[in-house]
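The values are calculated or read from the model by the stated rules, or taken from the named source; none is laboratory data. Computed from a prediction, not measured in an experiment: that's the story for all the values here. FYI the Cβ positions are ideal-geometry reconstructions off the backbone, even for glycines, and counts take in every protein chain you see.
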Amino acid sequence: MLVDFWTYTCINWLRTLAYVRGWAEKYEDRELIVIGVHTPEFPFEQDVDNVRRAAEELNVPYPIALDPDYEVWRAFGNRYWPAIYLADAEGRIRHHQFGEGGYDDCERGVQQLLREAGADGNADDLFSPAPTGFEVQADWTNLRSPETYLGYAQGQNFAFRQGAEPGTYAVPEMLMLNQCALDGAWTIDSGVASLNDPEGSIAFRFHARDVHLVMSPPAPKTSVPFRVLVDGRPPGDAHGLDVAADGSGTLSEQRLYQLVRQRGPIGDRTFEITFLAAGAQAYVFTFG
């Protein structure tokens, strides 16, 4: 059995999905059981409909156990998204992988446990996916920007002082690499920054191929239009999955959004997203 701890907004898990999906399909006839344990990081990830929609859109083909109270998480003594545990036919955990990578070792572990269990037709070749979209591996050579939370509980690298009350902010003339700043009227809570008035922005000086942001509209079935700029201009062919070449996009679901995917040389760039209506909620930046 392979147990995969995940949460649907986690870019680190998304970049492992092509492998886990591939193993589930490759070894299904040899009696490998794959179970996903969805343990939410953000409050909206506790919503069953959100998880169901994400699983369908992301093509998660194996059964999913919902773990909103972290009971399975604690039973495993787990601390990571993603985390993979391999158990043998007797239920003993024989291998684990925390975070991205270790794919060959994981698959060899699967093959070994299947051989021990007497599975037929167990080949020694290793699965090699052709990932697309969010599942494409990070450009580790050029990745120099860290995960950055926008709530005050885990926030860091801000060009302003955070506080748990409404405030009006302004982006400074110059941002240092990996500095983040707000512009406009925002309320910063422990885990999220919420826009109070239209035309509020978030700026980030980054060095990476991809820019992602976990966001939520103000309420279900509502939407907030936004525009993205890179170094003060529309992104063009550097636009992400959720942005047009002219920088336009719409915040309509509670999920991870890919806002920039650069096709050319990677350098220090300034990213800016402006929300054209109030109510947008921003949780965390991740990069790739």
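Can you confirm whether region 167-184 contains a residue that is more than 21 Å from the chain's Cα centre (by Cα), outside the structural domain of GLN46 (by TED's automatic domain parsing) and under 29 Å from ASP47 (Cα atoms)?
Within region 167-184 (the criterion being more than 21 Å from the chain's Cα centre (by Cα), outside the structural domain of GLN46 (by TED's automatic domain parsing) and under 29 Å from ASP47 (Cα atoms)), the answer is yes, since at least one residue qualifies.
Going by the structure shown, is PRO82 crowded, with 18+ Cβ neighbours inside 10 Å and under 24 Å from TYR283 (Cα atoms)?
Judged against the criteria, PRO82 is a match.
Go through region 259-279 and give me each residue that's of a type in the set (Asp, Glu) and under 14 Å from ASP183 (Cβ atoms).
Once the filter is applied, which keeps residues that are of a type in the set (Asp, Glu) and under 14 Å from ASP183 (Cβ atoms), region 259-279 yields only GLU272.
Return the only residue of ARG74, ARG92, ARG108, ARG115 being farther than 30 Å from PRO218 by Cα and either touching a residue at least 12 places away in the same chain (Cβ under 8 Å) or touching a strand residue (DSSP E or B) at 6+ places or on another chain (Cβ under 6 Å) (or both).
None of the other options fit; the residue is ARG108.
Looking at ARG94, ARG74, which one is modelled with pLDDT of 95 or more, under 27 Å from GLY121 (Cα atoms) and not acidic (Asp, Glu)?
ARG94
Look through region 135-172, keep the residues that are in a loop (DSSP other than H, G, I, E, B) and among the hydroxyl-bearing types (Ser, Thr, Tyr), and return whichever of them is modelled with the highest pLDDT.
SER145
What pairs can you find where one residue is in region 217-241 and without any contact (Cβ under 8 Å) to a residue 12 or more places away in the chain, the other is surrounded by fewer than 16 Cβ atoms within 10 Å (Cβ to Cβ) and of a type outside the set (Phe, Trp, Tyr), and their Cβ atoms are less than 6 Å apart, with a gap of 6+ or different chains?
Short answer, once both residue conditions are applied: GLY236/ALA245.
Being assigned to a helix (DSSP H, G or I) and among the hydroxyl-bearing types (Ser, Thr, Tyr) is the filter here; which residues of region 82-132 pass it?
Correct list: TYR103 only.
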